[in-house]
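This report refers to the structure that appears directly beneath it.
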Amino acid sequence: MTVHFVGAGPGAPDLITIRGAELVARCPVVIFAGSLVPRAVVARARPDARVLDSAGMTLDELVAEMRAAHERGEDVARVHTGDPLLFGSTAEQMRRLDALGIPYEVVPGVSSFTAAAAALRRELTVPGVSQTVILARAAGRTPVPEGQDLRALAEHRATLALFLSADRLDEAVAALAPAYGAGCPAAIVHRASWPDERVLRGRLGDLAALARDHGIDATAMVLVGPALAAEGFPDSRLYAPEFAHGFRAARGEEGR
């Protein structure tokens, strides 16, 4: 028996991986994060499956269900939103399963930050502009480790993807603006890939007001960085005719 931590993707039911969908359809126990995972994702479960919404459960109750399934010899599909290893609170579950000797695996999923980039139709790693993406969140009820606060991370001027921060944008903007500048391109993507997805483009200094004006304080990805509005950047070397790699020889003038 195994617990399968499955990434359900950012929202659209067809953005779950084939492996993840097959596990949801096969496992006799499906436990899903009902506050964020659409019902259509777990509608794939077999008719006799035990389907549980973990939104109202504590960690102890959640692990107890996994342990009971293990004792019955049943596999569990533990379905998380996005990718289960990014702000998914899976580490504490895996630690409990390790202590109990219950095996598990992780099936990755499409993260909300990549779904937000897709909605914006913007590459986050643009040549000559940004070759680094930082995944972070504003400090809240759970503090961030020393040296990982937004003001420190902003010094890199990398593309920044903020999780779980739509209700803390005043503080986030105040921390980021000294390094990025208030005019830095930024965006809020609310419920990326869901039918009611909303894409708000603007500047860093306007983000908090933009969120308030549209009533957004949760379930949103915030992206900041020059890559979001980059123009006139150099082409990558990958497709340059003189650039040789394992699948293509360099071409001279006559091959152009």
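Here are the numbers:
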| item | result |
| --- | --- |
| Candidate values [x] -0.22, -0.67; [y] -0.27, -0.77; [z] -0.31, -0.80, label of the one derived for log10 I(q)/I(0) by the Debye sum over Cα atoms at q = 0.07, 0.12 Å⁻¹ | [z] |
| Over segment 136-207, equivalent-ellipsoid semi-axes from the Cα gyration tensor in Å | 21, 16, 10 |
| The chain - share of DSSP beta bridges that are antiparallel (%, nearest 5) | 40 percent |
| Environment charge of residue 210, counting only residues whose C-beta is closer than 13 Å and scoring Lys/Arg +1, Asp/Glu -1 | 0 |
| Tensor-based shape of segment 105-241 (alpha-carbon gyration tensor, a/c under 1.5 rounded, otherwise prolate or oblate) | rounded |
| Gain on full stretching of the segment that runs from residue 118 to residue 64 - 0.36 nm per residue minus C-alpha separation | 15.6 nm |
| Relative contact order of the chain, defined on C-alpha pairs under 8 angstrom at six or more residues apart (%) | 19 percent |
| 11 Å beta-carbon shell around residue 110, net charge (K/R +1, D/E -1) | -2 |
| Gain upon complete extension [residue 91, residue 217; 0.36 nm per residue less C-alpha separation] | 42.8 nm |
| Of 237, 198, 122, the one that fluctuates the most in a GNM where the chain has Cα springs shorter than 10 Å | 237 |
| Normalised alpha carbon radius of gyration of segment 1-72 [divisor 2.2 N^0.38 Å] | 1.05 |
| Linear extension gain, residue 14 paired with residue 149, 0.36 nm per residue minus alpha-carbon span | 45.1 nm |
| Local net charge near residue 33, Cβ-Cβ under 10 Å (Lys/Arg +1, Asp/Glu -1) | 0 |
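No lab work stands behind these numbers, since they all come straight from the coordinates. Just so you know, these numbers come straight off a predicted model, no measurement behind them. Because the Cβ atoms are built from the backbone with ideal geometry, glycine has one as well, and the counts that use them run over all protein chains shown.
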